[in-house]
1. Count, please, the residues in the stretch 160-204 that happen to be of a type in the set (Lys, Arg) and in a loop (DSSP other than H, G, I, E, B).
2. So which residues in the stretch 72-95 are hydrophobic (A, V, I, L, M, F, W, C) and either part of a loop (DSSP other than H, G, I, E, B) or more than 22 Å from Lys132 (Cα to Cα) (or both)?
3. Kindly indicate whether Phe21 is outside any loop (DSSP other than H, G, I, E, B), hydrophobic (A, V, I, L, M, F, W, C) and modelled with pLDDT of 90 or more.
4. One residue is enough: does the stretch 172-184 have a residue meeting the conditions in contact with a strand residue (DSSP E or B) (Cβ under 6 Å, 6 or more places away or on another chain) and either of a type in the set (Lys, Arg) or surrounded by fewer than 16 Cβ atoms within 10 Å (Cβ to Cβ) (or both)?
5. Got at least one residue in the stretch 97-108 being among the hydroxyl-bearing types (Ser, Thr, Tyr), touching a residue at least 40 places away in the same chain (Cβ under 8 Å) and either touching a Ser or Thr at 6+ places or on another chain (Cβ under 8 Å) or not in a loop (DSSP other than H, G, I, E, B) (or both)?
6. Scanning the stretch 56-107 for residues that are basic (Lys, Arg) and more than 19 Å from Val123 (Cβ to Cβ), which turns out modelled with the lowest pLDDT?
Amino acid sequence: MISSYLKTIHKKLNSFLSSIFSKKKDLRLGLYGPPNAGKSTLANTISKDWLGEEMSSVSNVEHETREIILKDKIEISSNGKKLTFNLVDTPGIATKIDYENFVKKGITKKDAKTRAKEATKGVIEAIKWLDKMDVVIVVLDATKDPVDQVNVTILGNLEARGIPVLVAANKCDLKASEVTEIRTAFPQYEVVGISAKSRDNVDYLYERLFEVLK
């Protein structure tokens, strides 16, 4: 009888401690990847799907997102399961940011230098935020060669931290897209081909996110 009583107390204690730790912090889902891979477009798609509003600005010019953008308490559901998280859209990771590239896109020299400075600061901040993430969707441009220094560095840092990763091979609606190349390059990860812009396969991305977090 004493044993049964102790088991009951132990069960209640575990339940109490679990409730404390579950409330200790909110689950953070980070969107990482190189510039113009479609992170902010995906962030907007997720936010519109579940909150009915966009959260980030998008542009054809690299480094439109130059600071961390947060959207709190997004609840998604898939196959009867629910998941609530804070969505974090991060600046594109780059090894070199040259203001002259912005000038070529029609931005004035003064504004281009400011953009480059802000973008560099944003990259540093995005890397710092890695330690705050509970799960990350790495957004890669499926029309580009996936094996480059930036992609390898991002995935390597996530692996070193033991953070669950789901790879979104974006822009799969374009003829030049090669989702299979991303799967071949990074076979250790779950890769989902999507189009964040036209919302192709985004529902399946939600489904696989639940599996990654098991």
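The values are calculated or read from the model by the stated rules, or taken from the named source; none is laboratory data. Because the structure is predicted, anything quoted here is derived from the model rather than measured. FYI the Cβ positions are ideal-geometry reconstructions off the backbone, even for glycines, and counts take in every protein chain you see.
1. Narrowing the stretch 160-204 to residues of a type in the set (Lys, Arg): 161, 171, 175, 183, 197, 199.
Okay, now just the ones that are also in a loop (DSSP other than H, G, I, E, B), so 171, 175, 197, 199.
Adding up the residues that qualify gives 4.
2. Here is the first cut: in the stretch 72-95, the ones hydrophobic (A, V, I, L, M, F, W, C) are 74, 76, 83, 85, 87-88, 93-94.
Across the stretch 72-95, the qualifying residues are Ile93, Ala94.
3. Values: outside any loop (DSSP other than H, G, I, E, B): yes; hydrophobic (A, V, I, L, M, F, W, C): yes; modelled with pLDDT of 90 or more: no.
Criteria not met by Phe21.
4. Applying the first criterion (in contact with a strand residue (DSSP E or B) (Cβ under 6 Å, 6 or more places away or on another chain)) to the stretch 172-184 yields 172-173, 179, 182-183.
Checking the rest, the ones that are also either of a type in the set (Lys, Arg) or surrounded by fewer than 16 Cβ atoms within 10 Å (Cβ to Cβ) (or both) come to 183.
Checked the stretch 172-184: at least one residue is in contact with a strand residue (DSSP E or B) (Cβ under 6 Å, 6 or more places away or on another chain) and either of a type in the set (Lys, Arg) or surrounded by fewer than 16 Cβ atoms within 10 Å (Cβ to Cβ) (or both).
5. Of all residues in the stretch 97-108, those among the hydroxyl-bearing types (Ser, Thr, Tyr) come to 99, 108.
Of the ones still in play, those that are also touching a residue at least 40 places away in the same chain (Cβ under 8 Å) are none.
Scanning the stretch 97-108, I find no residue that is among the hydroxyl-bearing types (Ser, Thr, Tyr), touching a residue at least 40 places away in the same chain (Cβ under 8 Å) and either touching a Ser or Thr at 6+ places or on another chain (Cβ under 8 Å) or not in a loop (DSSP other than H, G, I, E, B) (or both), so the answer is no.
6. Pass one, the stretch 56-107, residues basic (Lys, Arg): 66, 71, 73, 81-82, 96, 104-105.
The next check asks that each one be more than 19 Å from Val123 (Cβ to Cβ); those that pass are 71, 73, 81-82, 104.
Numbers: Lys71: 96, Lys73: 94, Lys81: 92, Lys82: 94, Lys104: 89.
Ranking the qualifying residues of the stretch 56-107, first place goes to Lys104.
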